[in-house]
Amino acid sequence: MKAMILAAGKGTRVRPITHTIPKPMIPILQKPVMEFLLELLREHGFTEIMVNVSHLAEEIENYFRDGQRFGVEIAYSFEGRIEDGELIGDAVGSAGGLKKIQSFQPFFDDTFVVLCGDALIDLDLSEAVRRHKAKGAMASLITKRVPRDQVSSYGVVVTDDDGRVRSFQEKPSVDEAASDMINTGIYIFEPEVLNYVPEGVPFDIGSDLFPRLVADGAPFYALPMEFEWVDIGKVPDYWQAIRSVLQGDVRQVQIPGKEVRPGIYAGLNVAANWDKINVEGPIYVGGMSRIEDGATIIGPAMIGPSCHICEGATIDNSIIFDYSRIGP
């Protein structure tokens, strides 16, 4: 089966991280978030995967390559141009990216799944596809219920009693929200949906394609499902994702390294005398990092590989990327 991972965005809300790292490559304890998506897709039989890329495209392509070592096949659709040997990104929107691939050579020839490349999810994709087909849908989006006081952070989906999508509210206030079901950025489409996407112009799934489907009365449904979903839309979301992993709340992410003390995980050859370090887990320290005696580390905290934490330094509820030195 075929799938698409959306990976062309600039990740403006996660700056400054995304100045040098594209969103799908943001590390969750040293593993890019997109790698978890590939594992999920493979688990449910989606092995032919298209990825649209633009901003820092080479970072994604150089890591995942043809997908062979992940048990899948991957091809990339670059959105932009080449000037003097340099890749210049110019994304065409999430729906525009789908259309670009289909216009190049028809790829989507049966039911396919589209995932945003910046979320940790633990969803039964096989069951979602079954529900999509049972509805006779051309397009389905997976929704999730959130606490009422959080609706203003998301796109809210309004449906009729049969689950047919009637309207959307983009980040409404708590008082104005007509629903507590939100769009998770996980979509299931039939190839015919691409007939609604114009060619050669930027076109977004959420803001352009979906309103067009609703206006046309197309068979477009919301599929509410209970599942684990950690969105990395903003920097605080990324921090919350790391906290959740370190606290053992995310099933599909195992903390790497060895547990050298309760709640203290270390990669290979970490130079640290834990008896002389003030430490309070949960923390993860990447391989070949040095932590001097007298340093203080209070979790949840992640320290990347090849870091140097000096005597007298305090790491308190922090994420430290690789090759960082924190002075006394």
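Per-structure values
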quantity: Average accessible area per residue (Å²) across region 216-319 - probe 1.4 Å, nucleic acids and ligands excluded; calculated: 45
quantity: Semi-axis lengths (Å, descending) of the ellipsoid that matches the C-alpha gyration tensor of region 245-324; calculated: 19, 13, 12
quantity: Where F107, F321 fall by accessible area, highest first, once all protein chains stay in place (1.4 Å); calculated: F321, F107
quantity: Ranked by how many other beta carbons lie within 10 Å on average, peptides 78-90, 49-61, 307-319, 159-171 from highest; calculated: 49-61, 307-319, 159-171, 78-90
quantity: Taking all pairs of distinct alpha-carbon atoms in region 8-144, Kirkwood radius in angstrom; calculated: 16.1
quantity: Region 206-247 residues near the modelled E192 label - backbone nitrogen below 11 Å, point 7 Å along Cα→Cβ; calculated: 218-220
quantity: Accessible area per residue in Å² at 1.4 Å probe, computed on region 1-114; calculated: 45
quantity: Largest-first ordering by accessible area, 1.4 Å probe, given options M1, M225; calculated: M1, M225
quantity: Proximal lysines to K234, defined as alpha-carbon separation beneath 22 angstrom and excluding residues fewer than eight positions away on the same chain; calculated: K10, K23, K31, K144, K171
quantity: Portion, in percent, of the accessible area of region 208-328 that falls on carbon or sulfur, probe 1.4 Å; calculated: 47
quantity: Taking only Cα atoms of region 159-198, radius of gyration then Dmax in Å; calculated: 13.1, 38
quantity: Residue-averaged 222 nm ellipticity for the chain, from DSSP H runs of 4+ at -39500 (n - 2.57), nearest 500; calculated: -5500 deg cm²/dmol
quantity: Cross-link partners of K276 among lysines (Cα-Cα below 21 Å; sequence separation of 8 or more within a chain); calculated: K258
quantity: Region 77-126, Rg to Rh (Cα coordinates; Rh as Kirkwood inverse mean 1/r); calculated: 1.07
quantity: Förster radius 22 Å - calculated FRET efficiency between M288 and E35 (Cβ-Cβ, nearest 0.05); calculated: 0.55
quantity: Inter-probe distance in nm under a simple model that places probes 7 Å from Cα toward Cβ, at S126 and D249; calculated: 2.9
quantity: Accessible carbon and sulfur surface of region 60-127 relative to its total accessible area, %, 1.4 Å; calculated: 45
quantity: Where labels lie 7 Å past Cα in the beta-carbon direction, separation of D84 and D109 in nm; calculated: 4.3
quantity: Principal-axis tilt of helix 235-246 within the chain, Cα atoms, nearest 10 degrees; calculated: 70
quantity: Hits among lysines - C-alpha to C-alpha of K99 under 19 Å, sequence gap 8 or more where chains match; calculated: K2
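The values are calculated or read from the model by the stated rules, or taken from the named source; none is laboratory data. All of these numbers come straight from a predicted model, not from anything done at the bench. Glycine gets a Cβ as well: all are built from the backbone with ideal geometry, and neighbour counts include every protein chain shown. With ligands, DNA and RNA removed, areas are computed over all heavy atoms of the protein, side chains included. Shrake-Rupley method; radii C 1.70, N 1.55, O 1.52, S 1.80 Å.
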